[in-house]
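A short write-up of the structure that comes next.
The values are calculated or read from the model by the stated rules, or taken from the named source; none is laboratory data. Keep in mind that this is a model prediction, so the values were computed, not measured. Don't worry about glycine lacking a Cβ; one is built from the backbone with ideal geometry, like all the others, and counts go over all protein chains shown. Ligands, DNA and RNA are stripped out before the accessible areas are found, and what is left, the full protein with its side chains, is counted by its heavy atoms. Shrake-Rupley method; radii C 1.70, N 1.55, O 1.52, S 1.80 Å.
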Amino acid sequence: MLKGIAASSGVVVAKAYKLEQPTVNVVRRTADVQAEIDKFKAAIVKTQHDIETIKAKAVGKLTDDELAIFDAHIMVTQDPEFTGQMEEMIRSEAVNAEYATQEVSNMFIHMFENMDDPYFRERAADIKDVSYRLQCHILDLIIPDLSLINEEVIIVANDLTPSDTAQLNKQFTKGFATQIGGRTSHSAIMARSLEIPAIVGISGLLDHVNHGDILVLDAIDGFVIVNPDAKDLKHYKNKAENFAELKASLKIMKDAESITLDHRRVELVGNIGTPNDVESVLANGGEGVGLYRTEFLYMDATTLPTEEDQFVAYKTVLEKMGKHPVVVRTLDIGGDKELSYLPIPHEMNPFLGYRAIRLCLDQKDIFRTQVRALLRASVYGKLCIMFPMIATLGEFRAAKQFVLDNDKELRAEGIAVSKDYEIGMMVEIPAAAILADQFAKESDFFSIGTNDLVQYSMAADRMSEKVSYLYQPLNPSLLRLIKLTIDGAHSQGKWCGMCGELAGDEIAAPVLLGLGLDEFSMSASSILQTRKTIRALKYSDMQIMAEKALKLSTQEEVIELIKASI
Ligand code: PEP
Ligand code: MG
């Protein structure tokens, strides 16, 4: 049994799909010629099939130039010069197929690398790629590729990048487990929004799991069992069924009001990464979108998305949400979110570096494209624009002024812009929480980003499983920052939401309610449970409880108090 951090709830049993590049070890052997020729020919067919499948899945995502690389690879596998020489070597020297493949490829690679014409020099890379794939097939080694998965699996990896996660096919990916990461790493957040059970931060995972092993992934209690016995299998299949039943029973909460026993109403809304996620927010009774992480639009692309691309995405979300508010966060790149096509200087502490609003205020062309797209989309619904990582009033003012300037320009161009969109900010840096009363004079709303607020308050990298014990969002120190933020907003008649992972935490809901939070934004899969929790509580009792919680000294004491009060 391997323990980790339950990042997205659920229980599944399936085969492991190990997302790790295999190492090819080649030694020369004397071998049965016919058997090697058969293996070699089968490997060519499988290689061609792989490349064609990968290309077909990439159509629409890559440019024509990028797609042409796949054609070049297929051509290599069809080139009689190349494969013919390999076959010839197997026959004449009676050697193993992977050895012949390596020898002939190396000869071609060497030849191309020494050519003057850069076009031919690039062909060396194509040959390396194809030859690696051929050798893996000859040796029966699996080359992992998310787009090739065609059976139910649990993905096992060191980490999944946000773009890996965005490519996951929900039909076949029943769960995933990673060696690094914490509850608020972006792979964990994506898993929740896709409603795929996930466990992160399992040390030693890759050493203990082989491709094809049967795994139990218990993402309720946070562990993986490798090759379970019959008794465990039965037990966890039952647990999986019970979990599915519990989920189904929450459906009656879909159309219920988000209101306490003593009539305090709150908004329960969803966090989304792509326009498609809106469906699941609506299906789970979400009353709006409290955080649209627009960086996924940038991460899914191979160049900066155009104003038109962005306009279409924002308009789609606003229209689908109708009269409900949609909080769109401007680009929050940097930290663990990188763009292959936008080099960010290497820094010692990327989470503390050049990112989010800092980058946007510096690279105004990028910011302008997004702001224009947002303002153009504003007429299609109830838009709230939100800036990430605001530390100072100076930054907030600069960002807000930039929006207002673009608003003016668009109107001057005769383009319609709504008159009543809101401009607000995330409170995820302690400095902003402490000064919330001042920010509230100029910001229309706040949304508390507890993922970063905890990371910066505790000085504990949210990606590191080694310091994950410091992810203590219910530590009284954090509760006091949350209180300062909510009180700051209310002192100026503004609303305060929360879009960090804490907002969807079952244990946290009573104390957040008691502190006066107006809007809870979470992954769609948590909305119904939170509504059930809120409807069973009395706001006045929770206010008294929250006051007590603020005076406690540890997170454990706070959790104990909450449990005793519900
Ligand atoms: C947060 O920091 O809490 C937040 C919601 O933003 P992200 O997780 O995208 O950094
Ligand atoms: Mg954040």
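Normalised by the number of residues in the chain, the average gap of Cα pairs under 8 Å and 6 or more apart makes the relative contact order 15 percent. The mean accessible area for residues of region 267-565, using a 1.4 Å probe and ignoring ligands and nucleic acids, is 38 Å² per residue. The alpha carbon centroids of region 1-37 and region 66-141 are separated by 24 Å. In the chain, taking the dipole from charged Cβ atoms about the Cα centre, the farthest positive-side position among 182, 143, 523 is held by 523. Ranking 205, 481 from most to least accessible surface, computed with a 1.4 Å probe over the protein chains only, gives 481, 205.
Quarter the surface of the alpha carbon convex hull of the chain and you get the mean projected area, 29.3 square nanometres. Counting heavy atoms of the protein chains alone, residue 140 has an accessible area of about 120 Å² for a 1.4 Å probe. Find the relative contact order for region 267-565 and round it to a whole percent, using C-alpha pairs within less than 8 Å whose residues are 6+ positions apart. Result for region 267-565 is 18 percent. Only Cα pairs under 8 Å and 6+ residues apart enter the sum, and on that basis the relative contact order of region 150-281 stands at 17 percent. Per-residue 3J(HN,Hα) values for region 261-268, derived from phi via the Karplus relation 6.51 cos²θ - 1.76 cosθ + 1.60 with θ = phi - 60°, read 4, 9, 6, 7, 9, 10, 9, 10 Hz in sequence order (x marks Gly and Pro). Between amide H atoms placed 1.01 Å from N, distances below 5 Å from residue 10 occur with 219, 220, all of them 5 or more places distant or on a separate chain. Per-residue 3J(HN,Hα) values for region 213-228, derived from phi via the Karplus relation 6.51 cos²θ - 1.76 cosθ + 1.60 with θ = phi - 60°, read 4, 7, 10, 9, 10, 9, 8, 8, 9, x, 8, 10, 10, 8, 6, x Hz in sequence order (x marks Gly and Pro). Loop-located GluC sites (Glu not before Pro) in region 122-176 (DSSP state not H, G, I, E or B) with no more than 10 neighbouring Cβ atoms inside 10 Å: 151. For region 33-138, the equivalent ellipsoid derived from the Cα gyration tensor has semi-axes of 25, 18, 9 Å, listed largest first. Scanning residues 5 or more positions from residue 389 or on other chains, those with amide H under 5 Å from its amide H are 426, 428, with H placed 1.01 Å from N in the peptide plane. Computed with the Debye formula from one identical point scatterer per Cα of region 267-565, without solvent, the log10 of I(q)/I(0) at q = 0.11, 0.14, 0.15 Å⁻¹ comes to -0.64, -1.04, -1.20. The region of the chain that goes longest without hitting one of the trypsin sites (Lys or Arg not before Pro) in a DSSP loop, each with at most 13 other Cβ atoms within 10 Å, is 171-322.
Accessible area of residue 540 (1.4 Å probe, protein heavy atoms only, ligands and nucleic acids ignored): about 50 Å². Once the Kirkwood radius over Cα pairs is known for region 239-330, the Stokes-Einstein relation at 20 °C and 1.002 mPa s delivers a diffusion coefficient of 143 µm²/s.
The tail of the calculated P(r) for region 396-467, taken as Cα-Cα distances beyond 17 Å, holds 57 percent of the pairs.
Reported to the nearest whole Å, the Cα centre-to-centre distance from region 208-263 to region 464-499 is 29.
The accessible-area ordering, largest first, of the residues 470, 537, 404 stands as 404, 470, 537, per a 1.4 angstrom probe.
Under the combined filter of DSSP loop state and at most 15 neighbouring Cβ atoms within 10 Å, region 397-428 retains these GluC sites (Glu not before Pro): 413.
Each principal axis of the Cα atoms in region 266-420 has its own extent, and those three values, largest first, are 43, 39, 32 angstrom. Taking a sphere under 15 Å around the Cβ of residue 202 and counting the other residues whose Cβ falls inside, with K and R at +1 and D and E at -1, yields a net charge of -3.
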